[in-house]
Every structure is written in C-alpha cells, then in structure tokens.
Amino acid sequence: MRKICLLGSTGSVGTQAIEVCLEHPERFSVVALASGGGNLDLLAEQAVATRPALVAVAREGLLDQLREAIARRDPAYSPQLVEGMQGILEAAVVSCDVVLNGITGSIGLEPTLAALGAGRTLALANKESLIIGGRLVTDLARPGQIVPVDSEHCALAQCLQPGQFARGARPGDALAGPDVKRLVLTASGGPFRGRSRAELETVDVAAALNHPTWSMGPVITTNSATLVNKALEVIEAHLLFGVPYDRIDVVVHPQSLVHSMVEYVDGTTMVQASPPSMKLPIAWALGFPDRVPGAIPGCDWTRASTWTFEPLDETVFEAVALARTYGAQGGVQPALFNAANEVAVQAFFDGRGTFLGILDTIKAVCDDPARPQAEQNLTLEAVLAADAWARQAAARIVDASGGALVAPAAGEAR
C-alpha cells in the first residue's frame, strides 16, 4: 500500500488522481489533501471519500466552513485541518510515499521544495515549480525522486531504454544518456491549429477553452491554445532529462495518441501511445516504478485509424521558440516568462486583454532591460523577487494597453 499526499486536489489533475486512488484501493491510500479553497464542497467530498488524516486549504479563514462541510457528510470523520501556505507546506512534508503536486502556477514552488527536502517522491504535475526553480529544484532532488506527471514527460521517461529513467541521474544531469539523439514532444495543436495570426486577433475565451482532445483546467487549456503550455514543457524536458534545447523538437499530432518520442542515435524512435487520458500518467507516477493494471483502457488495435504528424507553425505560434530563447538564458528568465503569462492569461479571462496579447506581454516583460538579471546560483528569494517583478510589469502593460495589449517599447514595463 502506497501512501499518497495530493496537493491541488480539487483541480483537474487532483480530481483525476482521486479517481485513480479510489479505483485502486489495494494500491493507494490518501493520507493528506490540500486545495486552494475555491471549492470547499468538493474538497469536503474528497476528504470523506478518501479519509486522509490531514486536510489543508490555502485560503485562510475557511476552516470552520470546511469542518462543517465535512461533518454534514460524515459526522464520525474528523481530520486535522490546517490553512494558509504553512498548511500547504505541512501537507507537503506529511509522512507518505508520494507527494503529487497538482497545484497550478508558480505558487507550487515552495511545496515542491518542501516535499523534495523531506525526501518524498515527487509526482510532479506542477511544471511551473520546476521551470521557475530550475537548478534550485533539480539540485535538491536525488536520482529518481522527481517523477513527471505531464503526459509528454511521462511518455519520454517510458521511451528511454529499459530501467534508464528508474536508475536515474540527478534531474538535469544528462539523464537521457549518450544514445539519445533528440526528444520529440507532441502537441495537439490546440483549438486553433492551422489558423493564421490574423485569424487569432478576435479569439475569445470560450473559443480558447474549446480544446479538441484534452479535458484540463482553464489556465492549462488556454496555455495549450497559445502553445505556451508546450513551450513550458520544452523547458521542463530540458531540466528533467538534461538534453540541450536544440535537441528538443515539437511536432503537431492532432489525434493526441502519441504522447512523445525519443529518437536514438542509430535511427530508432521509441513512441509511447495511449488514449488521451491524464489518468494514465497520474497512475504511472503514483505507482512508479510499478505499473497500475487497468489504469485506462488501451488503444483498440482492431480498428483502422490514421495518425498524422505535422510541423509546428512557429511564425503563428511563437511560444516554443521564445521558450528555447528564454530557457537557454537560464537564471530567472523562465520565472519571468511564466509570471508574465499567468498575469496575461488572467487579463484575457477578465476581458482586459486579447489572446494575441498574451505572447506580446511575455515578450515585453522578458526583453525589458529593467528586468532582474539571470543569476548563476539561484536562490528562492531571487526567484520569488523575479516572479513579483514580472507580475507587476505585466500588470502595467495590461493596464496601459486598454485591452489592446500592444507590446511597449523597451524599458517601459517597470
């Protein structure tokens, strides 16, 4: 029986992780849940269903409501309730086998560091914490301690030679090995595949959230539409597997059945394929290195099907190219990229910004001469300061744009 802590339990990854745990009670026991606090009823339902000893809520002042919501459902069940970031960190270091970090956004960095520091295996769905933390995260992790939940990185790990990922090096230290020629991340292309930049000028929120194959939360779905999600995954792949950016490719695969590929130096390409369901990579990460039988139904090879692959149009969707540039610059640049995106996406949701303005804001923030400069030895303080600076700069760009989000001249975003 593997003891599991779920951070971000009421989000898309968290709710599916709950399903995996409930479907396999002989393998998984939930010992802690943590959520932001935006859906107390769901958190209470999850707590009663899984009966962890500890339940944390990030938003303060909600413990009485949460206690009442749990008591209405099961008066006999009374877990320890904690709140605030300190409560989330308490959950992250609870005695368990695996901490699944499914928190969305850069706020997941401190729980990631806490779980690693406590020696827990980290099933990482919160890619932002790895991306903005960089070597701060990878240097803290022991070999094999970070197990990726993103479907693409889960696929890459499975495509490495047998046992290679399980043996592991420290993340970022050429984990892929000398026989690997390149990593190939697949992208569905999102809801706007094949459109021109001009056709994206009038995109609204509803259209951006209409993903053709995946069911995800609103932020990740929007990031998929802009290809920022794939851009962040390129940085994540570099940090996890130690492969240079010029050997990490992105190819559009609309069917979303091939989740990524590893090409070897002899011309062999290993492919991981499965129906598009996050429950498979979640189960893989929770059970690693053992597989979970029946995690999802596999592909039906008795039926004819066609899989297509096409190059990414980086003239329209330039996020991946930007990620290679800013990722290679290192230091706090990925933190600036991520923070600017989070602010611009929220402005888009609020009707204060445009779809194309999301990338315009990222470029303005990351190219501003006044930005915090990259540091060789990252510290948590430097990352958090860069994140705060980028959020303020992006907010000023949004406010100044009046909804147009035209990138300001160099040095304006201060």
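Just so it is clear, none of the values below were taken in a lab; they were calculated from the coordinates. Worth saying up front: this structure is predicted, and the values here are computed from it rather than measured. Cβ placement follows ideal geometry from the backbone for every residue including glycine, while neighbour counts extend to all protein chains displayed.
About its Cα centre, the chain has a charge dipole of approximately 600 debye under the convention of +1 per Lys or Arg Cβ and -1 per Asp or Glu Cβ, with nothing else charged. At full extension, residue 22 and residue 350 could sit 114.5 nm farther apart than now, given 0.36 nm per residue minus the alpha carbon distance. Taking 137, 147, 205 as the candidate residues, the one with maximal mean-square fluctuation in a Gaussian network model of the chain, Cα springs under 10 Å, is 205. Counting only DSSP beta bridges with both residues in region 185-340, the antiparallel share comes to about 75 percent.
If you place +1 on the Cβ of every Lys and Arg, -1 on the Cβ of every Asp and Glu, and leave all else neutral, what size is the dipole of region 196-321 about its Cα centre, to the nearest 20 Debye?
Approximately 520 debye in magnitude.
Of all DSSP bridge pairs formed entirely within region 50-149, close to 0 percent run antiparallel. The distance linking region 176-252 with region 56-106 is 32 Å (Cα centroid to Cα centroid, whole angstrom). Counting only Cα atoms, the size of region 168-297 along its three principal axes is 46, 36, 25 Å, in decreasing order. Note on volume of the Cα convex hull per residue in Å³: of the candidates [x] 124; [y] 143; [z] 178, the value calculated from this structure sits at [y]. If you take every DSSP beta bridge fully contained in the chain, what fraction is antiparallel? Give it as a percent rounded to 5. Roughly 30 percent of the DSSP beta bridges within the chain come out antiparallel. When the Cα positions of 251, 297, 267 are compared along the charge dipole of region 216-327, 297 comes out farthest toward the positive end, with charges on each C-beta of Lys, Arg, Asp and Glu.
For the pair residue 268 and residue 205, label points projected 7 Å from Cα toward Cβ lie 4.9 nm apart. On the basis of the beta-carbon distance and an R0 of 25 Å, residue 246 and residue 367 show a calculated FRET efficiency of 0.75. The count of lysine pairs in the chain that are at least 8 places apart or cross chains, and whose C-alpha atoms lie under 21 Å apart, stands at 7. The residues neighbouring residue 98, those whose beta-carbon lies less than 13 Å from its own, together hold a net charge of +2 under the Lys/Arg +1, Asp/Glu -1 convention.
Other residues with beta-carbon under 13 Å from the beta-carbon of residue 1 carry, at +1 per Lys or Arg and -1 per Asp or Glu, a net charge of 0.
Summing +1 for each Lys or Arg and -1 for each Asp or Glu among the other residues whose beta-carbon sits under 10 angstrom from that of residue 265 gives -1. Taking the average, over residues, of other Cβ atoms within 10 Å as the packing measure, peptides 342-351, 261-270 rank 342-351, 261-270 from highest down.
When the helices of the chain are scored as -39500 (n - 2.57) per DSSP H run of n ≥ 4 and the total is divided over every residue, the value at 222 nm lands at -12500 deg cm²/dmol. About its Cα centre, the dipole of region 1-141 is roughly 240 debye, where the only charges are +1 on Lys and Arg Cβ and -1 on Asp and Glu Cβ. Backbone phi angles across region 186-198, fed through the Karplus curve with coefficients 6.51, -1.76 and 1.60 (θ = phi - 60°), yield HN-Hα couplings of 8, 10, 5, x, x, x, 10, 4, x, 7, 7, 4, 4 Hz in residue order; Gly and Pro are listed as x.
Relative to the 2.2 N^0.38 Å rule of thumb, region 41-85 has a C-alpha radius of gyration ratio of 1.01.
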